[in-house]
Amino acid sequence: MQGLIISALIALGVIVLLGMTIRVVPQRSVYVVERLGKYRTSLEAGLHILMPFIDKVAYKHSQKEIVRDVPRQSCITKDNIEVSIDGVMYLQVVDPKSASYGVDDYVMAAQQLAQTTLRSVIGKIDLDKTFEERSEINMEVVKAVDEAAQPWGVKVLRYEVADINLPASIKDAMEKQVRAERERRAVVAESEGDRQAAINRSEGDRQAAINRSEGEKQEMINISEGEKMKQINEAEGRARQIELIAQATATGLREVATAVKEDGGEEAVSLRIAEQYVSAFEKLAKESTTLLLPSNLSDVGGTVAGLQKVLKTIDRTQP
């Protein structure tokens with residue numbers, strides 16, 4: 001029985017000894033080993049053999065990104081407005097030795113440094129800029145904290161402002177400002193619309209006046225052209241009428257002259273002349289109350305003879 005107990009103790013001692021000797025480091029992890037209290041090496045992922053009772057794993061670090069909240073804090077802007085801001089910071093251990101011996105708690109140190117840097121950055125800008133320039137604020141915090149964390153073996157990857165809380169009075173003032181700005185833009189937009197509408201109406205009236213003027217001008221030109229063509233046509237018609245009358249008169253005279261040459265023609269002409277002579281005086285007597293008579297009115301034959309001489313003269317002149 002005593003031998004069994006001794007064997008069990010020996011087996012347990014071997015297991016403990018193996019546990020102190022063999023170390024398996026997980027992926028994306030680093031173990032810092034001290035020998036007799038002094039830094040010896042950093043163990044990467046895999047199987048490692050240590051000297052029992054001499055070597056000791058003092059620190060264990062993860063090389064994954066570490067996400068930590070930056071506690072909410074009060075900041076004063078350049079225009080003396082108090083705001084409450086919290087954020088999120090992303091860290092990564094790049095030097096396990098420095099992370100082990102450079103600072104007591106690198107996560108806490110980075111958080112505290114991010115808070116102080118954020119207060120400094122917010123104090124340099126106005127309240128309106130804190131909402132518009134979040135990316136610049138994040139970059140300033142990352143730059144300052146990363147520079148300070150280099151001796152700690154820590155890389156600050158990102159910092160993001162999570163939320164910005166304002167006092168109730170400031171929120172109410174900003175809402176009033178936003179409403180006033182929107183109303184101003186609405187008034188400006190309405191006035192711009194009225195101005196554009198007035199311009200459009202003016203342009204339309206001007207174009208309508210130009211069109212009316214062009215129409216009246218074309219109408220006057222058309223009327224003038226019409227009057228011109230009318231006068232030309234009337235003149236040509238009168239000329240044609242005169243020509244036709246002259247041709248008809250000439251033809252009539254030639255016919256009369258031909259008739260005079262025939263047997264009994266002169267007697268017929270004399271009779272016709274006498275009839276027209278008497279008829280002319282009869283017509284004058286009907287149309288007027290005053291009648292001037294020629295001195296030789298009783299000598300109708302002499303008058304007819306004179307007219308016959310005229311006809312003979314015309315006949316002799318014809319070819």
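Test Glu175 against the criterion of being at pLDDT below 90, closer than 30 Å to Val70 by Cα, part of a helix (DSSP H, G or I) and outside the structural domain of Ser74 (by TED's automatic domain parsing), and give yes or no.
Yes.
Under 6 Å between Cβ atoms, at least 6 apart or on separate chains: pull out the pairs that start in segment 53-81 with a residue that is without any contact (Cβ under 8 Å) to a residue 12 or more places away in the chain and end on any residue that is surrounded by 12 or more Cβ atoms within 10 Å (Cβ to Cβ) and of a type in the set (Gly, Ala, Ser).
So the pair list comes out as Ser74/Ser84.
With the checklist (1) in a strand (DSSP E or B); (2) modelled with pLDDT under 85 in hand, flag the one item Gly13 doesn't pass.
(1)
Which of the residues spanning segment 19-48 are of a type in the set (S, T, N, Q) and free of Cβ contacts under 8 Å to residues at least 24 places away in the same chain?
Scanning segment 19-48 gives Gln27, Thr41.
Picking from Ile164, Ile125, which residue would you name as being over 25 Å from Val94 (Cβ atoms), among the aliphatic types (A, V, I, L, M) and assigned to a strand (DSSP E or B)?
Ile164
Quick one: which strands (runs of 3 or more DSSP E) sit completely within segment 18-92 and have at least 2 residues that are farther than 26 Å from Gly153 by Cα?
Correct list: 66-76.
If I ask for residues that are within 18 Å of Asp69 (Cβ to Cβ) and aromatic (Phe, Trp, Tyr), which ones from segment 86-140 would you list?
The answer is Tyr90, Tyr106.
Could you list, in sequence order, the residues of segment 143-161 that are part of a helix (DSSP H, G or I), touching a Lys or Arg at 6+ places or on another chain (Cβ under 8 Å) and either surrounded by fewer than 17 Cβ atoms within 10 Å (Cβ to Cβ) or in contact (Cβ under 8 Å) with a residue 40 or more places away in the chain (or both)?
Ala149 - this is the single residue of segment 143-161 that is part of a helix (DSSP H, G or I), touching a Lys or Arg at 6+ places or on another chain (Cβ under 8 Å) and either surrounded by fewer than 17 Cβ atoms within 10 Å (Cβ to Cβ) or in contact (Cβ under 8 Å) with a residue 40 or more places away in the chain (or both).
The values are calculated or read from the model by the stated rules, or taken from the named source; none is laboratory data. A quick note: this is a predicted structure, and the numbers were derived from the prediction, not measured. Glycine gets a Cβ as well: all are built from the backbone with ideal geometry, and neighbour counts include every protein chain shown.
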